[in-house]
Amino acid sequence: MLIIGIRLFFWGSQLSQAVRWAKCGYAGPFTQKKGMRFITVFFVIPVIPISGVMHLAECQRCKTRYQANASQPVLQETQIGRQS
C-alpha cells in the first residue's frame, strides 16, 4: 500500500533587506528561500515535481512565508501556507 501526498520543499536561505511585516509587526530582515511542490510517497519522499521554483520571503519571528518576485524583492500580497 502506497500513501501519496503533496508537500512543499525548501532549500537555500539568506538574509535580505529589512521590512515591516503586516502579520506580526516585526521590523527586520527577511529570509529569502526557494521552494518547489512535489508529489510524495509516504508524505516524505519527493518523487515528481508539480510546480516550478517559487521564490519566498519568510519572517524570522513568526515564520510566515510570502511569495516574492524573483526579479523584484518586493513582497506580493499572496501568503504561502506554513509547512515545516
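Which FRET efficiency value, to the nearest 0.05, do you get for Val44 and Arg20 by plugging their Cβ-Cβ distance into 1/(1 + (r/R0)^6) with R0 = 25 Å? Calculated value: 0.10.
Label sites at Ser51 and Ile4, each approximated as a point 7 angstrom past Cα along Cα to Cβ, lie 1.8 nm apart. The modelled label-to-label distance for the pair Trp11/Gln67, using points 7 Å beyond Cα in the direction of Cβ, is 2.1 nm.
No lab work stands behind these numbers, since they all come straight from the coordinates. Note that the coordinates shown come from a computational prediction; the quantities given were computed from them, not determined experimentally. Every residue, glycine among them, receives a Cβ derived from its backbone with ideal geometry; neighbour counts consider all protein chains shown.
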